[in-house]
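Here's the structure we're looking at; comments come further down.
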Amino acid sequence: MPEYGSGGFGAGAATSATAARVRADGAAAPDDGSGAVIDVHHHFCAPQWRAWAEGKGLVNPKALPPWARWEAGAALDVMDRAGIAVAVLKPMLPARYEGSAQLREAVAVTLEAAAAAVEAHPGRFVFHAPLFLEDQEASLWALRYGLDELGAVGVNVTANHGGVYLGDPSYDRIFAELDERSAVVDTHPHNLPGGPPGAATVPGLPNFLCDFLLDTTRAAANMIRNRTLDRFPNLSVILPHGGGFLPHIATRMEAFGGCFDPPVEPAVVRDHLHRFYYDTAGPLSPAGTLLATAGADRILFGSDWPAAPAAMVVDVAVPALAADPAFTALQRRGVNRENALRLMPRLAAL
């Protein structure tokens, strides 16, 4: 059973820190944080948003995929089974909106629903504010409403908006305002630009399997090319799913940095690779390459629930992380919770 109580992270952390974990030889095993995990990749499609969107004729609730049917009870059940004390909600609003005013209304419904979930379940949830970067005025409004008024711990953006990738100078106005707040910028991939909406790029291969990883990799490479983290040094950018393909092509990117336009020195590439954060959602492959690329202090636990089914989280992802020989117990403790606490210190107060 999870080692945290009804008080959420604070209670869980205290229990986990003092509970004796016993190894086969009878000695107490190091605490790896697995009893009080902070999950930075928990998808949130609010029931209030679903009702609102149905009322507006924007969605057919029966046609929504399983990941769009978030319910607090189901979320807490998976969290308890996986040892997750706190989940950072990543808002999802899967509809096409008729204009900026309707988009703002959708975001307001979602943000207020997330704030209500936090209030209803003390210590178990926090949330990001969703930004739709193609609508800059709506995004500026959303980040101010979410961060300044409702208590969001960061913002969530997709890797590309209409084919314009993160790092593009057209987003500088928004990133400058985020930089003023030392914001956490949580990213997520979507379908690659240019293809039919929702259709598989390769028939028979779902887009999330490969294309999503490429989408994240493109966004990260574009941020490196445009030196986003140098121009906005107070931002903390999370790349999901282990950074896509980025760790696996790190040496290639360093070697061919001169082919960027403008060219990027290998040291700049290497520096950026160590400044991103990476979550384990997926589940994560054996982490040796990611550890060599980024370092253990830049890796965060992510469940990907409910996009990843409960069985995938509980029976595959969590045991795989626990058994990954690349991590020491101390490094796993960082991945499970300490790195997230350092990134988002407000979580320590839960």
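Below, the figures for the structure above:
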read-out	value
Mean shadow area of region 87-150 over all directions, Cα convex hull, nm²	4.2
Derived scalar couplings ³J(HN,Hα) [region 233-243; Karplus, 6.51 cos²θ - 1.76 cosθ + 1.60; whole Hz; x for Gly, Pro]	x, 8, 7, 10, 9, 9, 9, x, 6, x, x
Value of relative contact order over the chain, rounded to a whole percent, pairs C-alpha under 8 Å and six or more apart	18
Extension gain, residue 297 back to residue 311 (0.36 nm per residue minus Cα-Cα distance, nm)	2.3 nm
Computed over region 287-350: relative contact order in percent, which uses C-alpha pairs under 8 Å that are six or more apart	46
Antiparallel DSSP beta bridges within the chain, percent to nearest 5	20
Rounded FRET efficiency, nearest 0.05, which uses the C-beta distance separating residue 150 from residue 231 and R0 of 30 Å	0.60
Label-point separation in nm, residue 210 to residue 120, each point 7 Å along Cα→Cβ	4.1
Contact order relative to length of region 50-194, as percent, for alpha carbon pairs under 8 angstrom and 6 or more apart	19
Test item: Cα-centred dipole of the chain, Lys/Arg +1 and Asp/Glu -1 on Cβ, debye	320
Sites residue 199 and residue 134, calculated FRET efficiency, Cβ-Cβ separation with R0 22 Å, nearest 0.05	0.60
Beta bridges by DSSP in region 26-171, antiparallel share as percent, to the nearest 5	15
Accessible carbon and sulfur surface of the chain relative to its total accessible area, %, 1.4 Å	57
Span-like helix ranges in the chain, DSSP H, alpha carbon extent 20 angstrom or more, Kyte mean at least 0.0	100-120, 211-225
Paramagnetic label zone (point 7 Å from Cα along Cα-to-C-beta, residue 112; backbone N under 20 Å) in region 47-79	47-59, 70-72
Residue 252-residue 349 pseudo-label distance in nm [points 7 Å out on the Cα-to-Cβ vector]	4.5
Heavy-atom surface of the chain, accessible at 1.4 Å and reported per residue (Å²)	42
Stretchable slack from residue 328 to residue 60, in nm (0.36 nm times residue separation minus alpha-carbon distance)	91.8 nm
Amide hydrogen neighbours beyond the local backbone of residue 277, cut-off 5 Å, H modeled	237, 238, 239
Extension gain from residue 72 to residue 105, taking 0.36 nm per residue of separation minus the Cα-Cα distance	9.7 nm
Residues residue 98 and residue 173, FRET efficiency given R0 of 25 Å [Cβ-Cβ distance, rounded to 0.05]	0.55
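The values are calculated or read from the model by the stated rules, or taken from the named source; none is laboratory data. Since this is a predicted model, take the numbers as computed values, not measurements. Cβ atoms come from the backbone with ideal geometry, glycine included; neighbour counts cover every protein chain shown. Just the protein is used for accessible areas: all its heavy atoms, side chains included, with ligands, DNA and RNA removed. Shrake-Rupley method; radii C 1.70, N 1.55, O 1.52, S 1.80 Å.
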